[in-house]
Amino acid sequence: MLPIISVKELSAIAGQPGVIIVDTRSELGQPEAGRLAYAAGHIPGARFADADTVVCGFKTGTNGRHPMPSMAVFCERMRALGISRENRVIVYDGGSASFAARLWFSLRAAGLASVQVLDGGFDSWTQQGMPVSQEAPAFSEGSFTAGTPLEVIVRVDRVEANVLSHSFLLVDARAHERYLGQSESIDPKAGHIPGAVNRPCSENMENGVFKSPEELARAFAPIVQKAAGRPIVNYCGSGITACNNHLAMRIAGLEPAGVYIGSWSEWCADTKHEIALGEEE
């Protein structure tokens, strides 16, 4: 199954038995924005999954701004959304594909293969004149349980070891000036994890949708060359936009090794962690 689905393709299957649509719209720093947007209008039949309280886990102050919940908790929350392993799940956000990609990645990490991201998100849905509803659907609890992981959640201990071993290549999805350490408007410290290279996820899309697989493959070619056969692990500020890069690589036919979910917000919270500034050699 392709990792993304078009508005036209979704409109053809929406409402079919077994198809579940999940709205993951959110805005950094505005916890209620997604819920308000959902109430104002959403794809008919879509269920709302709040990024902070459903998709992500409990924040301790040192485990990142959007930590991964335990697999048991994640599965419990997916059951509460009415999801079972036999469902086909379509996730969408406003159009950035980052919050949607995070839930896509999480479901795949829990072993669900039949999950896709709506290319262009809610913005493309409305721009193409598709119907919108303000009605929250009724549904029964699902039976979702974890299966064999299809994606790897990379923990901080592996990243710490990698600073010395260079066993995989870290790819930072943040804006270039944040990677360089020239500016930081969200986290308390600026810079990047030593050894990481930069690939802003903003470069993955054009006119509101993902670039073609061929274009993405060409764009990621320097990253693949830099990796020189090593696995590639994506990270960002808090494990959201890293999933956009991860999804883009999948669209391109590449095989990223995983996502460091804690990302920069977890890394820079620990004073023992080295911080790099400027370009890597």
| Residues S98, S70: which one is at pLDDT 95 or above, of a type in the set (S, T, N, Q) and under 27 Å from E9 (Cα atoms)? | S98
| query | For segment 155-198, what are the residues that are of a type in the set (S, T, N, Q) and in a strand (DSSP E or B)? | reply | N198
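Can you work out which of the residues in segment 112-126 that are assigned to a loop (DSSP other than H, G, I, E, B) and open to solvent by 10 Å² or more (accessible area, probe 1.4 Å) is nearest to G15 (Cα to Cα)?
Going through segment 112-126, the residues assigned to a loop (DSSP other than H, G, I, E, B) turn out to be 112-114, 119-120.
Next cut, open to solvent by 10 Å² or more (accessible area, probe 1.4 Å) only: 113-114, 119.
Details: A113: 20, S114: 16, D119: 18 Å.
Here the residue is S114.
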| Looking only at segment 24-42, which residues are of a type in the set (D, E) and more than 18 Å from the chain's Cα centre (by Cα)? | E32
| Limited to segment 213-253, what total is found for residues that are open to solvent by 40 Å² or more (accessible area, probe 1.4 Å), assigned to a loop (DSSP other than H, G, I, E, B) and within 21 Å of D119 (Cβ to Cβ)? | 1
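Looking only at segment 127-144, decide whether some residue is surrounded by 15 or more Cβ atoms within 10 Å (Cβ to Cβ), in a loop (DSSP other than H, G, I, E, B), in contact with a Cys (Cβ under 8 Å, 6 or more places away or on another chain) and not small (G, A, S). Steps first, answer last, please.
As a first pass, look at segment 127-144 and keep what is surrounded by 15 or more Cβ atoms within 10 Å (Cβ to Cβ): 130, 142, 144.
Checking the rest, the ones that are also in a loop (DSSP other than H, G, I, E, B) come to 130, 142, 144.
Filter once more, keeping what is in contact with a Cys (Cβ under 8 Å, 6 or more places away or on another chain): 144.
Within this subset, residues satisfying the condition of being not small (G, A, S) are 144.
Yes, that holds for at least one residue.
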| note | When segment 77-108 is checked residue by residue, the ones that are assigned to a loop (DSSP other than H, G, I, E, B) and over 11 Å from the mean Cα position of the chain (by Cα) are L81, G82, I83, S84, R85, E86, N87, G94, G95
| message | Based on this model, can you work out whether L10 counts as in contact (Cβ under 8 Å) with a residue 60 or more places away in the chain, assigned to a loop (DSSP other than H, G, I, E, B) and not polar (S, T, N, Q)? | response | no
| query | Filtering segment 75-110 down to residues that are without any contact (Cβ under 8 Å) to a residue 40 or more places away in the chain and open to solvent by 10 Å² or more (accessible area, probe 1.4 Å), which residue is farthest from P188 (Cα to Cα)? | reply | E76
| remark: Selection from segment 158-202 of residues within 12 Å of W267 (Cβ to Cβ) and loosely packed, with under 15 Cβ neighbours inside 10 Å yields P188, K189
| First in segment 138-154 and in contact (Cβ under 8 Å) with a residue 24 or more places away in the chain, second anywhere and open to solvent by 70 Å² or more (accessible area, probe 1.4 Å), Cβ under 7 Å, 6 or more apart | F144/R85; T145/R85; G147/R85
| query | Do we have any residue at all in segment 21-28 that's β-branched (V, I, T), surrounded by fewer than 18 Cβ atoms within 10 Å (Cβ to Cβ) and at pLDDT 95 or above? | reply | no
| Which one of these does A72 not meet: (1) under 25 Å from G258 (Cβ atoms); (2) buried (at least 16 other Cβ atoms within 10 Å of the Cβ)? | (2)
| query | Which condition number in (1) under 23 Å from G142 (Cα atoms); (2) open to solvent by less than 20 Å² (accessible area, probe 1.4 Å) is the one that F48 fails? | reply | (2)
| In the list A37, A33, which residue meets the criterion of being in contact with a strand residue (DSSP E or B) (Cβ under 9 Å, 6 or more places away or on another chain) and crowded, with 16+ Cβ neighbours inside 10 Å? | A37
| task | State which residue pairs qualify: first residue surrounded by 20 or more Cβ atoms within 10 Å (Cβ to Cβ) and inside segment 257-280, second residue of a type in the set (V, I, T) and part of a loop (DSSP other than H, G, I, E, B) in any location, beta carbons under 6 Å apart, and separation of 6 or more residues or different chains. | result | G258/V152; W267/I193
| note | Exactly one of A109, A136, A100 is out of contact with any Asp or Glu (no Cβ under 6 Å at 6 or more places or on another chain) and either farther than 20 Å from A227 by Cα or β-branched (V, I, T) (or both), and that residue is A136
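The values are calculated or read from the model by the stated rules, or taken from the named source; none is laboratory data. All figures in this text were calculated on a predicted structure; none of them were measured in a lab. Counting neighbours? That spans all protein chains shown, and the Cβs are built from the backbone with ideal geometry, glycine included. Surface areas here come from the heavy atoms of the whole protein model, side chains and all, with no ligands, DNA or RNA. Shrake-Rupley method; radii C 1.70, N 1.55, O 1.52, S 1.80 Å.
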